[in-house]
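Notes to accompany the following structure.
The values are calculated or read from the model by the stated rules, or taken from the named source; none is laboratory data. Predicted, not measured: the structure shown is a model, and the values here were computed from it. Because the Cβ atoms are built from the backbone with ideal geometry, glycine has one as well, and the counts that use them run over all protein chains shown.
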């Protein structure tokens, strides 16, 4: 059932998943599995309207790196292939185990230059970061503010923004060293200073603000304090977090308060672009093509996978619980990964 991490997570022996012919899936021997916010939202039951497993008990996670063990007829993959896989619907399950079924359409070959742990870390958030970057349309010379710069998505995003030639990048985070290593010019510790009160920001409004942390409060503060150019002058606010990071959705009645305010902001700011920044909702999904593109970019050295310093966690009951606690507390700096069966060594 849904519940608290220490109450509902446990380790047990389960039968190996059975590949059904014609299902478009393949059986993968999992070597590493990373966590995403959706994994916690399903475990807790906070979004049980749309994130409910088809049966109990269930195995969480499906952002994996592993080796193909069994294939369906006509598969583009072959047994023994090293792959990275994710999920594209409202939930991913089955990955936090020695074997998992994944859709071939949501998988890509892992290049030899990318390790198993890094491959798992790239399985979900990196593709969403690339989609966010494209939505933001960052161009050379832009001034960009990223709220929540040290999370799993944002650590990839700031690297892409730097590569695009942004003239100035600021970010909120408690991990100054990490973000400065990616070329962020100013890191604001949100425990010590409010980003909307930084004097130099008011005199030089941003071209782009990407919100990976706060939600509607960030939009209101950016607009009220003149932190962002108007839509006519190219100002755009990219909402990765729409309203609040923590989402409660238990009925269709709770869906409308989640969807409607963000959609309305997107509509009215397009109509009133002379007076307000353009508000853009970030939505996207991950498929095999997106994964292949991400892995190719990393193979070419265009950005790197970023692991939380505590990763990879061991594949034990305590290890998986610790990983979920870090995720639920929003304490990760980079991706949170569990080492299921990998010989990859943790990098210092």
Per the filter on the range 64-76, residues farther than 23 Å from residue 52 by Cα and either crowded, with 16+ Cβ neighbours inside 10 Å or not assigned by TED's automatic domain parsing to the domain that holds residue 50 (or both) are 65, 66, 67, 68, 69, 70, 71, 72, 75
The range 303-317 - residue that is in contact with a helix residue (DSSP H, G or I) (Cβ under 6 Å, 6 or more places away or on another chain) and in contact (Cβ under 8 Å) with a residue 60 or more places away in the chain and, of those, farthest from residue 231 (Cα to Cα): 312
When the residues of the range 242-261 are filtered to those that are in contact (Cβ under 8 Å) with a residue 40 or more places away in the chain and within 20 Å of the chain's Cα centre (by Cα), which remaining residue is farthest from residue 151 (Cα to Cα)? 249
Report, by residue number, each residue of the range 14-52 that is without any contact (Cβ under 8 Å) to a residue 40 or more places away in the chain and either farther than 29 Å from residue 78 by Cβ or not assigned by TED's automatic domain parsing to the domain that holds residue 306 (or both). 52
Could you say which residue among 39, 63 is within 24 Å of the chain's Cα centre (by Cα) and closer than 16 Å to residue 287 by Cα? 63
Here's a check for you: in the range 77-93, which residue that is outside any strand (DSSP E or B) and at pLDDT 95 or above is surrounded by the most Cβ atoms within 10 Å (Cβ to Cβ)? 86
Going by the conditions given, is residue 147 in contact (Cβ under 8 Å) with a residue 24 or more places away in the chain, touching a strand residue (DSSP E or B) at 6+ places or on another chain (Cβ under 7 Å), crowded, with 21+ Cβ neighbours inside 10 Å and in the same structural domain as residue 210 (by TED's automatic domain parsing)? yes
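One line per residue, one yes/no per condition, for (1) in contact (Cβ under 8 Å) with a residue 40 or more places away in the chain; (2) part of a loop (DSSP other than H, G, I, E, B); (3) under 30 Å from residue 75 (Cβ atoms):
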| position | (1), (2), (3) |
| --- | --- |
| 118 | yes, no, yes |
| 159 | yes, no, no |
| 171 | no, no, no |
| 180 | no, no, no |
| 192 | no, yes, no |
Taking the range 132-144, which residues are in contact with a strand residue (DSSP E or B) (Cβ under 8 Å, 6 or more places away or on another chain) and either at pLDDT below 95 or farther than 22 Å from residue 290 by Cβ (or both)? 142, 143, 144
Give the residue that is nearest to the chain's Cα centre (by Cα), with candidates limited to residues of the range 120-138 that are assigned to a loop (DSSP other than H, G, I, E, B) and closer than 18 Å to residue 308 by Cα. 124
So in the range 241-260, with the set limited to residues that are out of contact with any helix residue (DSSP H, G or I) (no Cβ under 9 Å at 6 or more places or on another chain) and in a loop (DSSP other than H, G, I, E, B), which one is surrounded by the most Cβ atoms within 10 Å (Cβ to Cβ)? 250
Does residue 187 qualify as being without any contact (Cβ under 8 Å) to a residue 40 or more places away in the chain and more than 30 Å from residue 64 (Cβ to Cβ)? yes
